[in-house]
Amino acid sequence: MIIELITSGILWWHYPSLSLYSVGFYLVILIWISTAIFSVPNHNKLLDGKNTGVIDSLVNTNWIRTILWTFKAVIAVYLMFKS
């Protein structure tokens, strides 16, 4: 995730207008926010032991990240084949 943030940030810096590069960067930012708000707290709760409710919450909220990463991947593949 750190490498993705750095590389998409560099592309955003070089193409700052509303381009697919900037959309990719914004998706990465949303992924980081989602991770911080949902995933990290749930993982921290699991440090106390197995909790099926927390595991279910983690799986359910992970769909946000899955969808965002999928959009990011589609954009990356498109840009790769476009160039």
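The values are calculated or read from the model by the stated rules, or taken from the named source; none is laboratory data. This structure is a prediction, so every number in the text was calculated from the model and none was measured. Glycine also receives a Cβ, built like all others from the backbone with ideal geometry; neighbour counts cover every protein chain displayed. Each accessible area value is taken on the protein alone, full model and side chains, heavy atoms only, with ligands, DNA and RNA left out. Shrake-Rupley method; radii C 1.70, N 1.55, O 1.52, S 1.80 Å.
In table form, for the structure just shown:
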item	result
Qualifying residue in segment 36-52 (condition: within 23 Å of Leu11 (Cβ to Cβ) and either part of a helix (DSSP H, G or I) or open to solvent by 80 Å² or more (accessible area, probe 1.4 Å) (or both))	yes
Output for segment 64-83, where each listed residue is of a type in the set (Ser, Thr, Tyr), part of a helix (DSSP H, G or I) and open to solvent by 70 Å² or more (accessible area, probe 1.4 Å)	Thr70, Tyr78
Some residue of segment 8-23 being touching a residue at least 24 places away in the same chain (Cβ under 8 Å), among the hydrophobic types (A, V, I, L, M, F, W, C) and either over 30 Å from Leu79 (Cα atoms) or open to solvent by 30 Å² or more (accessible area, probe 1.4 Å) (or both)	yes
Hits in segment 9-25 - residues which are in contact with a helix residue (DSSP H, G or I) (Cβ under 8 Å, 6 or more places away or on another chain) and either part of a loop (DSSP other than H, G, I, E, B) or under 25 Å from Leu58 (Cβ atoms) (or both)	Tyr15, Pro16
